[in-house]
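Structure first, then comments.
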Amino acid sequence: MDKNEVEKTAKLARLNFSEQEEIPGDFSRQLNKILKYIGQLNNLDTADISPMSQPLVKKLKLADDTSREFKNKEELANNAPDFKDGFYRVKKIIE
Amino acid sequence: MNKEKFETVIGLEVHIHLKTASKLFCRCENIFGGKPNSRICPICTGQPGVLPVINKEAVKLAIKASLALGCRIKKKSVFARKQYFYPDLPKNYQISQYKLPLAEGGHVYVDGEKINLTRAHMEEDAGKLKHTAAGSLVDYNRTGTPLLEIVSEPEIKSPDQAARYLKILRSIFRYCEVSDCDMEKGSMRCDANISLRKKGEKELGIKSEIKNMNSFRGVRNALSYEVKRQTAELEKGGVIVQETRLWDEKKEVTKSMRSKEEAHDYRYFPEPDLPPLEVEETFIQSIKETLPELPRVKVKRYMKRYNLSEYDCGVLTAEKELADFFEKAVDGLTKTDEATVKTLTNWITVELSGKLNVAELEITRSRISSKMIAELVSLIEDGTISGKMAKKIFEIMWDKQESPSDIVEKEGMKQITSDDKIEGICKKTIENHSKIFKKYLSGKEGVIGALVGSIMKETGGQANPQLVNSKLRELLAEKK
Ligand SMILES: [Zn+2]
């Protein structure tokens, strides 16, 4: 993973490194170490093993379809940076 | 346009809202509209630390819809995070299905042509944005509404066919009662991939993705515009840019969204908060048993049973409620021979549908019941009333909601069919119209129509015109 890829991923994830020039390089080195470590798995023969999407052994639980109102909506509004007249407000988006 | 040179290739991605009581991952109520942000909770607003729990009914409806399309239901499907930043999505990712969708394959017949489906998968809907001068306002009521996305293969050949495909999907889903599929309310939405290629070529051309088509008409017009735009571009030797374009309904053009490329880099990964969705064969079977007779099967049954045209059957079965009305009306007929059922079909698809359209009423709220219309048709078929009288009676039925036999009784509208009576009227008419009679004698047999007309007028349309006609001919022939 080179510096450019780190920068692109950071941009997609809305992580801002722009002021500290050396960080993408640091990340690149660290990520490569991690990828190399994980990469050892590539040496294993996994032909007969079905892909796993989740480490949990728990089975998925399904909920009954009954609606319940969440009462404390004020708290949700208070958690937002800008909530006014019943709407969450964000800076204007031009499509 | 240069129709011989290029052919159109369209693939559609259709989203439908599933008709559950609560949302997909939380128990907020799932209904249309309402006071902004009145149906939200920590889960659908993406507060830290909350966990999604899948709605069992949403899974059932998604499987039911997929089965109705002939899809293979996958025993195991996996939810994934599709990541993008936009305020309509408070978590900054949408829980969707990516590599392992709920259903694969399937097909839909559009006017006799088979359109194959790639897949159908479950996902959650996003919120709604309203743009104002002061900023963009977000309403999260819709966030988390269960959706089924149905992806077709690129096998649709024209904008018209695309609109027909959508209507057929809507019909099927309404039959199954999985969704209202109301495009105006956004419970059915559609994005299209469209490209052109030289006739006979196998490889697909470069496509554009069209969004923001909010009606069947919008889909047809947007895609027609796109065919013209791409044709013009290719004919002058240009290339199509792969991009997302928005349909502008007012200006009737598609416009490039100029979206950054990164918008399509969703960095999907399996949703860590949800184990795979595993469904058992018995569960799938139990859902299969709840599937109703689907429109295509109904069409075939009607064609075979009543010998009606495919077109008539298509109209009768487009909405389940109309098909139910028709079947009830058939049950109410005194005779169910082909001719009578055809007459009934015409009264339902022409007269009644016309009335309902003008009054903007659904068939379930028709002012004329299936029983009433069956009675009317029976009266026509046994000769009690003429077609012309039936139209008058139909108007009164609609206005006063009375039964046709009551109207016939009250208004004295019975058709005159007695031979003696008709003979009397005909004789009198011939005497009273000596000029016409002379013309007839001079060889102008066509004037007989004028005599029939005069009789119909005199009897207020109650004389049976066929009987009058043959009686007049008989009497005139005698006098020749
Ligand atoms: Zn909620």
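The values are calculated or read from the model by the stated rules, or taken from the named source; none is laboratory data. All values derive from a computational prediction rather than experimental measurement. Every residue, glycine as well, gets a Cβ built from its backbone with ideal geometry; the counts of neighbours run over all protein chains shown. Accessible surface is based on the protein model in full, side chains and every heavy atom, while ligands, DNA and RNA are left aside. Shrake-Rupley method; radii C 1.70, N 1.55, O 1.52, S 1.80 Å.
Matching residues to (1) open to solvent by less than 80 Å² (accessible area, probe 1.4 Å); (2) part of a helix (DSSP H, G or I); (3) at pLDDT 90 or above; (4) charged (D, E, K, R):
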| site | (1), (2), (3), (4) |
| --- | --- |
| B:Met397 | yes, yes, yes, no |
| B:Glu402 | yes, no, yes, yes |
| B:Glu423 | yes, yes, no, yes |
| B:Glu431 | no, yes, no, yes |
| B:Phe437 | yes, yes, no, no |
| B:Tyr440 | yes, yes, no, no |
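Can you find even one residue in segment B:141-151 that is open to solvent by 10 Å² or more (accessible area, probe 1.4 Å) and of a type in the set (Ser, Thr, Tyr)? The answer is no, given that none of the residues of segment B:141-151 is open to solvent by 10 Å² or more (accessible area, probe 1.4 Å) and of a type in the set (Ser, Thr, Tyr). Residue pairs whose Cβ atoms lie under 8 Å apart, sitting 6 or more positions apart in sequence or on different chains, and linking a residue in segment B:121-149 that is closer than 29 Å to B:Pro101 by Cα and facing another protein chain (nearest Cβ under 8 Å) to a partner that is of a type in the set (Lys, Arg) and surrounded by fewer than 22 Cβ atoms within 10 Å (Cβ to Cβ), are B:Asp139/B:Lys128; B:Asp139/B:Lys130. Of all residues in segment B:357-368, those satisfying the criterion of being in contact (Cβ under 8 Å) with a residue 24 or more places away in the chain and open to solvent by 30 Å² or more (accessible area, probe 1.4 Å) are B:Glu362, B:Thr364, B:Arg367. Filtering B:Leu24, B:Leu12, B:Leu18 for residues that are open to solvent by less than 30 Å² (accessible area, probe 1.4 Å), away from the ligand (no atom under 16 Å from the Cβ), of a type outside the set (Lys, Arg) and touching a residue at least 60 places away in the same chain (Cβ under 8 Å) leaves a single hit, B:Leu12. Criterion applied to B:Gln161, B:Gln83 was being of a type in the set (S, T, N, Q), within 29 Å of B:Cys26 (Cβ to Cβ) and in the same structural domain as B:Ala21 (by TED's automatic domain parsing), and the one residue passing it is B:Gln83. Does B:Val151 qualify as being in contact with a helix residue (DSSP H, G or I) (Cβ under 6 Å, 6 or more places away or on another chain) and of a type in the set (A, V, I, L, M, F, W, C)? Here the answer is no, as B:Val151 does not meet what is asked.
Taking first residues from segment B:63-81 that are in contact (Cβ under 8 Å) with a residue 12 or more places away in the chain and in a strand (DSSP E or B) and partners that are surrounded by 24 or more Cβ atoms within 10 Å (Cβ to Cβ) and of a type in the set (Gly, Ala, Ser), the Cβ contacts under 7 Å between residues at least 6 apart in sequence or on separate chains come to B:Arg72/B:Ala103; B:Ile73/B:Ser66; B:Ile73/B:Ala103. A single member of B:Ala374, B:Ala463, B:Ala390, B:Ala477 is over 21 Å from B:Thr349 (Cα atoms) and open to solvent by less than 30 Å² (accessible area, probe 1.4 Å), and it is B:Ala463.
Within segment B:28-58, the residues that satisfy the criterion of being open to solvent by less than 30 Å² (accessible area, probe 1.4 Å) and without any contact (Cβ under 8 Å) to a residue 60 or more places away in the chain are B:Cys41, B:Gly46. What number of residues within segment B:264-299 satisfy the criterion of being in contact with a strand residue (DSSP E or B) (Cβ under 8 Å, 6 or more places away or on another chain) and open to solvent by less than 90 Å² (accessible area, probe 1.4 Å)? Looking only at that region, the number is 11. Could you list, in sequence order, all residues of segment B:308-356 that are modelled with pLDDT of 95 or more, open to solvent by 60 Å² or more (accessible area, probe 1.4 Å) and more than 27 Å from B:Ser405 (Cβ to Cβ)? Those that are modelled with pLDDT of 95 or more, open to solvent by 60 Å² or more (accessible area, probe 1.4 Å) and more than 27 Å from B:Ser405 (Cβ to Cβ): none in segment B:308-356.
When restricted to residues that are away from the ligand (no atom under 11 Å from the Cβ), of a type outside the set (Val, Ile, Thr) and more than 8 Å from every other protein chain (Cβ to nearest Cβ), segment B:35-64 contains 7. If you go through segment B:59-84 and keep only what is crowded, with 20+ Cβ neighbours inside 10 Å and among the small types (Gly, Ala, Ser), you end up with B:Ala62, B:Ala65, B:Ser66, B:Ala68, B:Ser77, B:Ala80. Looking at segment B:180-253, the strands (runs of 3 or more DSSP E) lying wholly inside it that each contain 2 or more residues that are crowded, with 19+ Cβ neighbours inside 10 Å and free of Cβ contacts under 8 Å to residues at least 60 places away in the same chain sit at B:208-213, B:243-248. Would you confirm whether or not segment A:12-29 contains a residue that is within 14 Å of chain B (Cβ to nearest Cβ), within 20 Å of the chain's Cα centre (by Cα) and of a type outside the set (A, V, I, L, M)? Looking for residues that are within 14 Å of chain B (Cβ to nearest Cβ), within 20 Å of the chain's Cα centre (by Cα) and of a type outside the set (A, V, I, L, M), one finds at least one in segment A:12-29, hence yes. Considering the conditions (1) hydroxyl-bearing (Ser, Thr, Tyr); (2) away from every other protein chain (no Cβ under 11 Å); (3) open to solvent by 40 Å² or more (accessible area, probe 1.4 Å), B:Tyr302 is excluded by exactly one of them, (3). Every listed requirement among (1) facing chain A (nearest Cβ under 10 Å); (2) hydrophobic (A, V, I, L, M, F, W, C); (3) in contact with a strand residue (DSSP E or B) (Cβ under 8 Å, 6 or more places away or on another chain) is met by B:Val108 save one, (1). State which residue is most open to solvent (accessible area, probe 1.4 Å) when the search covers only segment B:86-119 and only residues that are outside any strand (DSSP E or B) and more than 30 Å from A:Tyr88 (Cα to Cα). So the residue we want is B:Lys99. In segment A:54-82, which residues are more than 8 Å from chain B (Cβ to nearest Cβ), open to solvent by 60 Å² or more (accessible area, probe 1.4 Å) and hydrophobic (A, V, I, L, M, F, W, C)? Hit for segment A:54-82 is A:Val57, nothing else.
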